[in-house]
Amino acid sequence: MEIFSFGRIVSFFVSFLALTSSQIFSVYDINLIYNKGGDINIQNPVLMQAYYDELGGAPRNYVIESSDGFDLNLKLAVPASTNSAGRYSFKILAVEGDDKAQIDFVDGQTQFVWEKAYDPSTRDYYLDGPEYSKNLPAGKYEIQIFSYENRGKYVLTAGSERKFAWGNLLETYLLVPELKANFFETPAIEFLFTPFGIVLVFFGAILLLIVSLIILINAIAFKFSEKKPEIILLTSAGMAGSKEEIMRVLRKPSYNIKIGHIITASKPEEDKSYVEIDRQLMHEAGFNVEDIDIEGKNKSQLMQILSSVDIIYVQGGNTFFLLKQMRASGFDKIIKKLLKMGIVYAGVSAGSIVAGKSVKTALWLGDKNGVKIKNLSGLGLVPFNIFPHYTKDCDETIKKEQKKSWQKIMIISDTQCLLVQDGKTALLGTGEKVVY
């Protein structure tokens with residue numbers, strides 16, 4: 001689940017950057033033509049646009065063709081850093097077919113005094129040259145820029161109306177560094193100290209902070225939205241004694257639930273009829289049941305098998321044999337990860353006992369430690385020990401053994417089960433709760 005969209009925040013950032021930029025400085029159309037040959041077409045002579053050029057031995061011609069009358073505004077300048085001695089003039093010609101007639105001539109080479117000026121938008125100095133302004137009728141016109149040598153860098157600004165546009169803003173951020181490096185021959189890094197650069201750095205830092213926060217917030221939201229409840233169901237007699245309770249905790253219809261039926265604990269037992277009864281009850285309830293023996297398998301095999309089930313149903317039998325095979329196969333290492341994936345752990349008798357902190361209660365019930373396990377620690381899925389198959393005949397044994405143990409014990413009969421969900425425990429089923 002994504003609370004904040006990265007695309008939306010970038011769109012907001014660019015819009016805000018554009019709005020802020022337009023308030024700090026007016027953006028005009030930048031044209032780098034010093035590497036281009038031939039005539040230059042001025043598409044809209046009214047809008048302000050700057051042409052950065054370098055004469056290479058011949059005049060430069062600019063062509064304007066307008067179907068309506070317009071105000072022609074022109075201004076010349078030279079970059080102080082690369083052409084402080086450059087002086088230029090221009091002619092305005094009316095063009096009809098192959099004929100050209102001079103309308104005006106602006107001399108910037110003889111009598112005109114070029115004055116030094118500073119452009120804060122690029123942090124560069126200019127020498128401002130002559131300006132020209134005149135209303136012209138519809139038609140085709142040519143502007144010729146020239147000098148005595150027809151060499152050197154200059155800037156022609158045409159038009160007077162400033163109109164903010166996305167293209168102009170983006171073009172400015174792309175072209176100003178190149179302009180400084182190649183035209184003014186000043187360090188491109190200075191761009192970062194121009195109003196354009198300061199705004200970009202400022203909002204870039206804000207964008208980085210926002211994106212970092214978005215990633216963090218979305219990661220937290222994803223974790224909590226995807227977090228599934230950890231459900232552990234511990235029974236004495238499985239489906240035979242707690243069918244209704246098992247069905248009650250399911251989050252979807254039984255026919256959509258796959259049970260991984262771990263039968264390993266029953267292998268040392270001579271009488272396995274209880275396993276067949278439990279399996280039959282699961283089929284009757286509509287579950288898809290797959291018998292699984294964890295003996296001889298490894299962690300990766302079990303992870304692949306068990307991650308595809310909805311319930312890991314650990315059948316009863318010999319507790320110590322089951323625990324030994326859980327350790328040998330790596331089941332004890334992956335079960336908590338499987339629980340975090342939302343897979344339910346359901347234990348029956350020995351399958352319930354091994355979920356506790358210790359399996360000592362299996363000895364109280366007469367279970368034989370034929371595999372001679374010395375470490376009697378359980379899986380620790382719940383913070384207590386489990387004593388299943390309780391009847392009143394067990395009271396003396398429990399009282400006697402409980403005096404030797406400091407660990408908490410939860411007692412369940414064959415008609416009861418313990419539901420442990422996200423650390424909270426509830427006793428389900430029929431019969432009184434027994435507490436020692």
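Each reported figure results from applying straightforward, stated rules to the coordinates on display, with no laboratory input. Since this is a predicted model, take the numbers as computed values, not measurements. For neighbour counting, all protein chains shown are included, and Cβ atoms are generated from backbone atoms with ideal geometry for every residue, glycine included.
Within straight-line reach of Lys91, meaning a Cα separation under 18 Å, sit the following aspartates and glutamates at least 8 residues removed in sequence or on another chain: Asp39, Asp53, Glu54, Glu65, Asp71, Asp99, Asp104, Asp107, Asp128, Glu131, Glu142, Glu149. In the elastic network of the chain, a GNM with C-alpha springs shorter than 10 Å, the most mobile of Ile412, Ile92, Ile214 is Ile92.
The magnitude of the dipole of the chain, with charges of +1 and -1 set on the Cβ of Lys/Arg and Asp/Glu and taken from the Cα centre, is near 3020 debye.
Placing a label point 7 Å from the Cα of Leu427 along the Cα-to-Cβ direction, the residues of region 378-413 whose backbone N falls under 13 Å from that point are 387-392, 409-413. Take the Cβ atoms of Asp68 and Lys36, set R0 to 30 Å, and the FRET efficiency comes out at 0.65. Just report the Cα centroid separation between region 264-324 and region 117-155, whole Å. Computed from Cα coordinates, the inter-centre distance equals 88 Å. The HN-Hα couplings worked out from phi for region 262-277 by the Karplus form 6.51 cos²θ - 1.76 cosθ + 1.60 (θ = phi - 60°) are 7, 9, 4, 5, 7, 4, x, 7, 6, 9, 10, 5, 5, 5, 5, 5 Hz, whole numbers, x standing for Gly and Pro. For region 268-315, the residue among Pro268, Asn288, Gln304 whose Cα projects farthest onto the positive side of the dipole built from Cβ charges is Gln304. Show log10 I(q)/I(0) for region 284-436 at q = 0.13, 0.14 Å⁻¹, two decimals, from a solvent-free Debye sum over equal Cα scatterers. At q = 0.13, 0.14 Å⁻¹ the computed log10 ratios are -0.61, -0.70. Of His261, His389, His283, the sequence from fewest to most neighbouring Cβ atoms within 10 angstrom is His283, His389, His261. Taking each residue as 0.36 nm, the span from Lys116 to Leu216 lengthens on full extension beyond its C-alpha to C-alpha distance by 30.8 nm.
Taking Lys and Arg as +1 and Asp and Glu as -1, the other residues whose beta-carbon sits under 15 Å from that of Gln416 total 0.
Considering only Ile30, Leu379, Leu213, and ranking their Cα positions along the charge dipole of the chain that arises from unit charges at the beta-carbon of Lys, Arg, Asp and Glu, the one farthest toward the positive end is Leu379. With K and R counted +1 and D and E -1, the other residues having a Cβ less than 15 Å from that of Ala94 yield a net charge of -2. Each of Tyr313, Tyr118 was scored by other Cβ atoms within 10 Å of its Cβ. Listed from fewest to most, they are Tyr118, Tyr313. Panel order for Lys91, Lys337, by other beta carbons found within 10 Å of each beta carbon, from fewest to most: Lys337, Lys91.
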